[in-house]
Structures are given as C-alpha cells and as structure tokens.
Amino acid sequence: MIGVTAQDDGLFLVWEVESGSDGKSGVTKDEVVAEKDMLSALATFRHGRGRVRYARLAPAARGTIYDHRYGSTLVTAHRTDGVTISVVGDAWEDTQ
C-alpha cells in the first residue's frame, strides 16, 4: 500500500524560521525536504525557532489573485545556544 503524500491532495508545505528580526522560509511539496530545509536554516542561527506547516492555494475575493490557507503544523523546532530541539506538531507559541 502506498501512503498519501501532500502532492496527492494539492497540498504543499511551507517552512519558516525566525531569529529576532532575521528569518528564512521556503515552499516544497515534500515533507522530508521541508523538515531538512527548515532545520538547516535554523542551524545558521544561534537562537531561533522554526516550523513546517501544510498549506493550500485558495481563490481570493479579487479574481485571479490567490491566497493561501495554512493547515496543521507537521513539526516545530527551537534553537538555544546552538542546540536544536524538534517537536512533532505545533509548539510555535511555546518557542518564543
């Protein structure tokens, strides 16, 4: 049996990292790539937090412009004094 991936349902993954006023982000259709990219970006900072969330494009009210809708958080990570800790699910508010 083959598992369902984000690609099968029109979903994509958005990863983002914050460190003070700095940050990095990206978009992919692969869960493993999203997590690796987020953790690599987070590792470039001494302190910070990052997460990977599902997202989907949705038509906006103004014709051909699209908006995005976020879904559940796949993984959250925080970095303090050069040490990264990852947590499955959403712990974004707990990592400020």
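The values are calculated or read from the model by the stated rules, or taken from the named source; none is laboratory data. No experiment lies behind these values; they were computed from the predicted model shown. Cβ sites come from the backbone with ideal geometry, for glycine too, and all protein chains shown count toward neighbours.
Quick check on Leu11: is it surrounded by 13 or more Cβ atoms within 10 Å (Cβ to Cβ) and either in contact with a Lys or Arg (Cβ under 7 Å, 6 or more places away or on another chain) or among the charged types (D, E, K, R) (or both)? Full working, then the answer.
On the way: surrounded by 13 or more Cβ atoms within 10 Å (Cβ to Cβ): yes; either in contact with a Lys or Arg (Cβ under 7 Å, 6 or more places away or on another chain) or among the charged types (D, E, K, R) (or both): yes.
Answer is yes for this residue.
Return the residues of region 22-40 that are within 11 Å of the chain's Cα centre (by Cα) and small (Gly, Ala, Ser); say none if nothing qualifies. Result: Ser25, Gly26, Ala34.
Return the residue satisfying two criteria in turn: it lies in region 44-80 and is closer than 14 Å to Gly20 by Cα and either modelled with pLDDT under 90 or of a type outside the set (Val, Ile, Thr) (or both), and of such residues it is nearest to the chain's Cα centre (by Cα).
That would be Gly50.
Of the residues making up region 30-56, those that are touching a Lys or Arg at 6+ places or on another chain (Cβ under 8 Å), surrounded by fewer than 19 Cβ atoms within 10 Å (Cβ to Cβ) and in a strand (DSSP E or B) number 2.
For region 18-55, the set of residues classified as in contact with a helix residue (DSSP H, G or I) (Cβ under 7 Å, 6 or more places away or on another chain) and farther than 17 Å from Glu93 by Cβ consists of Lys24, Gly26, Thr28, Lys29, Glu31, Tyr54, listed by residue number.
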